[in-house]
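The values are calculated or read from the model by the stated rules, or taken from the named source; none is laboratory data. Note that the structure is a prediction, hence the values are computed from the model and not measured. Here Cβ is always computed from backbone atoms with ideal geometry, including for glycine, and neighbour counts include all displayed protein chains. For accessibility, only protein heavy atoms count, side chains too; no ligands or nucleic acids. Shrake-Rupley method; radii C 1.70, N 1.55, O 1.52, S 1.80 Å.
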Amino acid sequence: MADCIFCKIANGEIPSQFVYEDDKCVAFRDIEPQAPFHVLIIPKEHIVSAMEIDETNSSIVGHIFTVAAKIAREEGIDKTGFRLVNNCGKDGGQTVGHMHFHMLAKRNLQWPPG
Ligand code: DGP
């Protein structure tokens, strides 16, 4: 989508530090990291939020989880663990209207989140 910041990151218009890319998704470092390791995994297709996931596009979610496991092995956090989280809508804390999964690691993450 023309004025979506994450579409621009995905297509290289806005520079970002990629840790992974394939034909369906990209993962890049969050600009405001909340943990020593904090990347965002996003579909290349513009999907506004998890509320737009249905039978026609739900395979992207499984793909993103597969990519997260790959990244975890590459980063050496497959044994220590990580958090994969999607904020959906205003009360969910979503600030960017392009569905994304936060992948956080390399510190002891607390529960419940604030
Ligand atoms: P959320 O609040 O769940 O919508 O998370 C949005 C995240 O996106 C937030 O952690 C900051 C990050 N972010 C926003 N703009 C940019 C950007 O231009 N570049 C990068 N790398 N991250 C961004």
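Pairs needed: first member in the range 86-113, among the β-branched types (Val, Ile, Thr) and within 11 Å of the ligand (Cβ to nearest atom); second member anywhere, part of a helix (DSSP H, G or I) and modelled with pLDDT of 95 or more; C-beta distance under 9 Å; at least 6 residues apart or different chains.
Correct list of pairs: VAL96/ILE5; VAL96/PHE6.
Report, ordered by the first and then the second residue, all pairs with beta carbons closer than 6 Å, sequence separation of six or more or different chains, a first member in the range 45-72 that is under 21 Å from LYS8 (Cα atoms), and a second member that is in a helix (DSSP H, G or I).
Listed pairs, sorted by first residue: HIS46/CYS7.
Count, please, the residues in the range 1-38 that happen to be more than 11 Å from the ligand (Cβ to nearest atom) and aromatic (Phe, Trp, Tyr).
Number satisfying all stated conditions: 2.
GLY62 fails exactly one of the following numbered conditions: (1) within 11 Å of the ligand (Cβ to nearest atom); (2) of a type outside the set (Asp, Glu); (3) more than 12 Å from the chain's Cα centre (by Cα). What is the number of that condition?
Of (1) within 11 Å of the ligand (Cβ to nearest atom); (2) of a type outside the set (Asp, Glu); (3) more than 12 Å from the chain's Cα centre (by Cα), only one is false for GLY62: (1).
If I ask for residues that are more than 9 Å from the chain's Cα centre (by Cα) and within 14 Å of the ligand (Cβ to nearest atom), which ones from the range 39-56 would you list? Reasoning before the result, please.
Step one: list which residues in the range 39-56 are more than 9 Å from the chain's Cα centre (by Cα), which gives 44-56.
Within the range 39-56, ILE47, VAL48, SER49, ALA50, MET51 qualify.
From the residues in the range 27-38 that are open to solvent by less than 30 Å² (accessible area, probe 1.4 Å) and in contact (Cβ under 8 Å) with a residue 24 or more places away in the chain, which one is nearest to the chain's Cα centre (by Cα)?
Filtering the range 27-38 for residues that are open to solvent by less than 30 Å² (accessible area, probe 1.4 Å) and in contact (Cβ under 8 Å) with a residue 24 or more places away in the chain, the one nearest to the chain's Cα centre (by Cα) comes out as ALA27.
Among the residues of the range 4-22, are any surrounded by fewer than 17 Cβ atoms within 10 Å (Cβ to Cβ), among the aromatic types (Phe, Trp, Tyr) and farther than 25 Å from LYS90 by Cβ?
Among the residues of the range 4-22, at least one is surrounded by fewer than 17 Cβ atoms within 10 Å (Cβ to Cβ), among the aromatic types (Phe, Trp, Tyr) and farther than 25 Å from LYS90 by Cβ, which makes the answer yes.
Residue by residue, here is whether (1) open to solvent by less than 60 Å² (accessible area, probe 1.4 Å); (2) of a type outside the set (A, V, I, L, M, F, W, C) holds:
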site	(1), (2)
ILE47	yes, no
ALA50	yes, no
ILE64	yes, no
ALA68	yes, no
ALA72	yes, no
ASN86	yes, yes
ASP91	no, yes
GLY97	yes, yes
